[in-house]
Amino acid sequence: MLKSYGYAAYNSQTPLRSYHFDRRDPGPGDVLIEILYCGVCHSDIHQARNEWKGTSYPIVPGHEIIGRVVQVGGKVTAFQEGDLAGVGCMVDACGTCPECRDHQEQYCDQTVFTYNSPDPHTGKMTYGGYSNQIVVDQRFVLRISDSLDLAAVAPLLCAGITTYSPLRHWNIGQGHKVGIVGLGGLGHMGVKFAHAFGAHVVLFTTSPNKVEDGLRLGADEVVISTDPDQMQQHPQSFDFILNTVAAPHDLDQYLTLLKRDGTLCLIGVPDSPHPTPSVGNLIFRRRTLAGSLIGGIRETQEMLDFCAQHNIVSDIELIPIQAINTAYERMLKSDVKYRFVIDMSTLQA
């Protein structure tokens, strides 16, 4: 076993702190990665504080991992020592179900997530990227370009693919009017991708102080969603609205903005349900209320390559690991533009 170390939550109430643990030795198809940067996702807070229930402690969060390959197994063909590599939200799946065969491993019933997930290799729970190293099957390791700021690439492994995947699935492009609800870690990437795909992008935010940033990031218009007059300027005009907000709120205010056959797609996961939307707002315009979860490995690689070609990264604030608990509290206050990333060189054994 590989002696490893990182930061963990030991229960739902106390701050994260130093933790030593074992990782499995690399097998023939495995890649050992020294972790350089790890993004901080809001789901890290949900899981560390057991807000989604089912957390197994101690938990080492982190699924936006950028690192360098330091060892490969004898059957590894896609990577060699010294390569840059990324690991996102998944580290394994069954490989044989319809979802896996369709390169949609995120929907496999046996998906092994990067942390707080039963690990078939060890019989224990997986540990994430708030740590010095990680061992991952080569099938779930991603190629990372050296042309971009590596720290700013890290959030692409979750926030990036979570917004890229639904925009691609619904074929968003030129001629489409697209709404992005919320300008946080997810929303700012949604704005960037929708703009890059050629859509007319309207940002919905509750914060007037985010108008300037929304326009800078690529929005064509910004609507303050708490202002009824501004909301009423866009009736039945959207092809697609991507809702990134991870708190319960009224969905009808966005459903009514969709054209006939328009789609409202949810990607934020609240810790309690949204109020039930009106059925009439769906059936009388044949609108769709949908959801989406990250993307498969092939699509994630496609997204990373697209970002390298178009110089797209996340807007980040780089922090030492010792500031993680303060970062959590600031995230809950929306006091970050727009993603915290941990510089793992600050981690000490």
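The values are calculated or read from the model by the stated rules, or taken from the named source; none is laboratory data. The structure presented is a predicted model; accordingly, all values stated were derived computationally and were not measured. With ideal geometry, Cβ positions are generated from the backbone for all residues, glycine too; neighbour counts draw on all protein chains shown.
Overview of results
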read-out	value
Test for LEU186: is it at pLDDT 95 or above and farther than 25 Å from ILE59 by Cβ	no
Exclusive hit being out of contact with any Phe, Trp or Tyr (no Cβ under 6 Å at 6 or more places or on another chain), among the acidic types (Asp, Glu) and either crowded, with 19+ Cβ neighbours inside 10 Å or not assigned by TED's automatic domain parsing to the domain that holds ARG287 (or both), set ASP239, ASP252	ASP239
Condition met for ASN132 (assigned by TED's automatic domain parsing to the domain that holds HIS20, at pLDDT 95 or above, on the phi > 0 side of the Ramachandran plot and polar (S, T, N, Q))	no
Close pairs from segment 1-24: first surrounded by fewer than 19 Cβ atoms within 10 Å (Cβ to Cβ), partner modelled with pLDDT under 95 and among the hydroxyl-bearing types (Ser, Thr, Tyr), Cβ under 7 Å, at least 6 apart	ARG24/THR122
Single condition LEU148 does not satisfy, out of (1) touching a residue at least 60 places away in the same chain (Cβ under 8 Å); (2) of a type in the set (A, V, I, L, M); (3) surrounded by fewer than 24 Cβ atoms within 10 Å (Cβ to Cβ); (4) within 30 Å of GLY280 (Cβ to Cβ)	(4)
Selection within segment 76-101 - over 21 Å from GLY129 (Cα atoms), surrounded by 18 or more Cβ atoms within 10 Å (Cβ to Cβ) and among the aliphatic types (A, V, I, L, M)	VAL76
The one condition in (1) more than 19 Å from HIS103 (Cα to Cα); (2) touching a helix residue (DSSP H, G or I) at 6+ places or on another chain (Cβ under 8 Å); (3) aromatic (Phe, Trp, Tyr) that TYR127 fails to fulfil	(2)
Residue in segment 198-210 that is touching a helix residue (DSSP H, G or I) at 6+ places or on another chain (Cβ under 6 Å), within 19 Å of LYS337 (Cβ to Cβ) and touching a residue at least 40 places away in the same chain (Cβ under 8 Å) present	no
Scope segment 180-221; condition assigned to a strand (DSSP E or B), closer than 25 Å to LYS333 by Cβ and not aliphatic (A, V, I, L, M); matching residues	PHE204, THR205
All positions within segment 115-144 that are closer than 22 Å to GLU317 by Cβ, assigned to a loop (DSSP other than H, G, I, E, B) and of a type in the set (S, T, N, Q)	ASN132
Answer from SER272, SER314, SER334, SER345 - the residue that is closer than 22 Å to VAL153 by Cα and modelled with pLDDT under 95	SER334
Members of segment 97-116 that are within 25 Å of ASP25 (Cα to Cα) and free of Cβ contacts under 8 Å to residues at least 24 places away in the same chain	GLN110, THR111, VAL112
Residues (in contact with a strand residue (DSSP E or B) (Cβ under 7 Å, 6 or more places away or on another chain), surrounded by 14 or more Cβ atoms within 10 Å (Cβ to Cβ) and either outside any strand (DSSP E or B) or outside the structural domain of LEU318 (by TED's automatic domain parsing) (or both)) located in segment 25-54	PRO26, GLY29, GLN47, ALA48
Conditions (1) without any contact (Cβ under 8 Å) to a residue 24 or more places away in the chain; (2) among the charged types (D, E, K, R); (3) within 24 Å of HIS195 (Cα to Cα); number of the one not met by LYS337	(1)
Long-range neighbours under 7 Å by Cβ, at least six apart or interchain, first residue in contact (Cβ under 8 Å) with a residue 60 or more places away in the chain within segment 38-59, second among the charged types (D, E, K, R) and part of a loop (DSSP other than H, G, I, E, B)	CYS38/GLU64; GLY39/GLU64; CYS41/GLU64; HIS46/ASP271; GLU51/ASP271; TRP52/ASP271
Qualifying positions in segment 259-284 - surrounded by fewer than 16 Cβ atoms within 10 Å (Cβ to Cβ) and out of contact with any Pro (no Cβ under 6 Å at 6 or more places or on another chain)	ARG260, ASP261, VAL269, ASP271, PRO273, PRO275, THR276, SER278, VAL279, GLY280, ILE283, PHE284
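Condition check ((1) outside any strand (DSSP E or B); (2) more than 27 Å from ALA8 (Cα to Cα)) across all residues:
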residue: GLN301; (1), (2): yes, yes
residue: PHE306; (1), (2): yes, yes
residue: GLN309; (1), (2): yes, yes
residue: ILE312; (1), (2): yes, yes
residue: ILE324; (1), (2): yes, no
residue: GLU329; (1), (2): yes, no
residue: SER334; (1), (2): yes, no
residue: VAL341; (1), (2): no, no
residue: GLN348; (1), (2): yes, no
